[in-house]
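Chemist: Attaching a single structure in structure tokens format; questions to follow.
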Amino acid sequence: STISTTPLVGEANRLAKACSKNRQLCLTRQRWDEILKFAHDTGGRIFFTLAYLQHTRDDESGENDQRDWDSTNAKQLLQYTAQSKYANTVFGFELGNELTHKHKIQNITRLVHAYEELRYIIDETWSATNDKNKHKPKILGPASIGPSQTTKLLKALGSHIDIATYHKYHGGGKDPSIIQHAKGTSIIQHPRNFHELSNAVNKYMDKPEVWIGEGAMAYNSGRQNITDSFVGSFWFTNLLGAISKSRPHTVYCRQALVGGYYELISHETMKARPDYWIAHLWKRLVGTKSIGPILSPSREDSPDEYTFGCCEGP
């Protein structure tokens, strides 16, 4: 992100140079204002991922994790947000995205210090507003891939975050066998597969809460005619039912609203995809309390049918 238009030395000059190459990759004041207003007008809440890697490099083409996180740009964004009349639409902030994937970073201690600094900046910035009606954003993380990586990171980061987040996909969009996940049983085992993560959250966090901060059936933008069709909705419905049984999971963030073939709204027609209506009905009808076990029939001709019990929503 880049908010300030005032020339600064070092970090800001490097960001300005990078943004001049591709403006679409840079967040401007105008665009951020539009996002906050959109969230306000639709009753939505935002949690935003702050860049980490590019702010730990010695230069634009340097290696990651070579120096402590430079929080200059993030601080500008946070200060600007705190002064916005739509500040309460911001639920929280993450720092970094899938940082341990493919060994993007090695220095976990440096990442911990960055989260400590982020906490300090948020506390200081929102206290300075002197507005008790403005809710201080929460800190989410580590936005890692899968429960295994997340469990390892929570040992170091658990006391510095409010909500644990991780990303979960079930295959690649280029995999021709991805359709098997639409009716496969692997997602139904979800509650049992995350026992270790639940233990880590309860052990290392003061108030255990887990979000799947990014997920879909397939990464690499999904697969056309599968993840954007009714067949993919069998997977999505099963997923929501399974997660409802998997405490302390409380939120699932679907990739993506618009864009790719896992989108909820078509980027070509702007019409809702089938999974949009699954999400809409779930939000409208299903409450926060699940009841009973996951039930499956014993009939051999119905091996892929499952029943999930949940209380009705308010």
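The values are calculated or read from the model by the stated rules, or taken from the named source; none is laboratory data. These numbers come from a predicted model, not from an experiment. Virtual Cβ from ideal backbone geometry, glycine too; neighbours counted across all protein chains shown.
Chemist: Within the set of pairs 6+ apart or on separate chains, which have a first residue in the stretch 277-289 that is within 14 Å of N238 (Cα to Cα), a second that is among the small types (G, A, S) and assigned to a helix (DSSP H, G or I), and C-beta atoms under 6 Å apart?
Modeler: I278/S233
Chemist: Then there's this: Could you check, for the stretch 252-271, whether at least one of its residues is modelled with pLDDT under 95, assigned to a strand (DSSP E or B), surrounded by fewer than 17 Cβ atoms within 10 Å (Cβ to Cβ) and of a type in the set (S, T, Y)?
Modeler: no
Chemist: Sort through S127, S84 and tell me the only one that's free of Cβ contacts under 8 Å to residues at least 12 places away in the same chain and either touching a Leu at 6+ places or on another chain (Cβ under 7 Å) or surrounded by fewer than 19 Cβ atoms within 10 Å (Cβ to Cβ) (or both).
Modeler: Working: S84 fails: free of Cβ contacts under 8 Å to residues at least 12 places away in the same chain.
Only one candidate qualifies: S127.
Chemist: Does any residue in the stretch 222-241 that is within 20 Å of T269 (Cβ to Cβ) come within less than 6 Å, Cβ to Cβ, of a residue that is part of a loop (DSSP other than H, G, I, E, B) and among the small types (G, A, S) six or more places away or on a different chain, and which pairs are these?
Modeler: The qualifying pairs are G222/G173; G222/G260; R223/G173; T227/A218.
Chemist: Is it the case that the stretch 261-275 has a residue that's among the polar types (S, T, N, Q) and more than 17 Å from the chain's Cα centre (by Cα)?
Modeler: Just the residues of the stretch 261-275 that are among the polar types (S, T, N, Q), to begin with: 266, 269.
Right, trim to more than 17 Å from the chain's Cα centre (by Cα) and you get 266, 269.
The answer is yes; a qualifying residue exists.
Chemist: Something else about it: Condition first: of a type in the set (D, E, K, R) and either modelled with pLDDT under 75 or within 20 Å of the chain's Cα centre (by Cα) (or both). Now tell me which residues in the stretch 179-200 satisfy that.
Modeler: As a first pass, look at the stretch 179-200 and keep what is of a type in the set (D, E, K, R): 183, 192, 196.
Correct list: K183, R192.
Chemist: Can you give me the number of residues within the stretch 102-124 that are at positive phi and touching a residue at least 60 places away in the same chain (Cβ under 8 Å)?
Modeler: Narrowing the stretch 102-124 to residues at positive phi: 102-103.
Right, trim to touching a residue at least 60 places away in the same chain (Cβ under 8 Å) and you get none.
Count: 0.
Chemist: Quick one: count up the residues across the stretch 36-53 that are modelled with pLDDT of 95 or more, of a type in the set (A, V, I, L, M) and farther than 20 Å from W211 by Cα.
Modeler: 1
Chemist: Going by the structure shown, is K104 under 19 Å from S144 (Cα atoms), modelled with pLDDT of 85 or more and of a type in the set (K, R)?
Modeler: So K104 fits the description; yes.
Chemist: Another question, then. Looking at T56, T89, T28, which is the one that is surrounded by 16 or more Cβ atoms within 10 Å (Cβ to Cβ), modelled with pLDDT under 95 and polar (S, T, N, Q)? So that I can check it myself, show each step before the final result.
Modeler: Values: T89 fails: modelled with pLDDT under 95; T28 fails: surrounded by 16 or more Cβ atoms within 10 Å (Cβ to Cβ).
Going through T56, T89, T28 in turn, just one is surrounded by 16 or more Cβ atoms within 10 Å (Cβ to Cβ), modelled with pLDDT under 95 and polar (S, T, N, Q): T56.
Chemist: Sticking with this structure for a sec: In the stretch 37-53, which residues are farther than 21 Å from G96 by Cα and surrounded by 11 or more Cβ atoms within 10 Å (Cβ to Cβ)?
Modeler: First, pick out the residues of the stretch 37-53 that are farther than 21 Å from G96 by Cα: 37-44.
Hits for the stretch 37-53 are K37, F38, A39, H40, G44.
Chemist: Given the residues I108, I122, which is the only one that is among the hydrophobic types (A, V, I, L, M, F, W, C) and buried (at least 20 other Cβ atoms within 10 Å of the Cβ)? Spell out the reasoning first.
Modeler: Numbers: I108 fails: buried (at least 20 other Cβ atoms within 10 Å of the Cβ).
Just a single option satisfies the conditions, and that option is I122.
Matching residues to (1) β-branched (V, I, T); (2) at positive phi; (3) out of contact with any Ser or Thr (no Cβ under 6 Å at 6 or more places or on another chain); (4) modelled with pLDDT of 95 or more:
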{"residue": "K134", "(1), (2), (3), (4)": "no, no, yes, no"}
{"residue": "K138", "(1), (2), (3), (4)": "no, no, yes, yes"}
{"residue": "P147", "(1), (2), (3), (4)": "no, no, yes, no"}
{"residue": "L157", "(1), (2), (3), (4)": "no, no, yes, yes"}
{"residue": "G171", "(1), (2), (3), (4)": "no, yes, yes, no"}
{"residue": "K174", "(1), (2), (3), (4)": "no, no, yes, no"}
{"residue": "S177", "(1), (2), (3), (4)": "no, no, yes, no"}
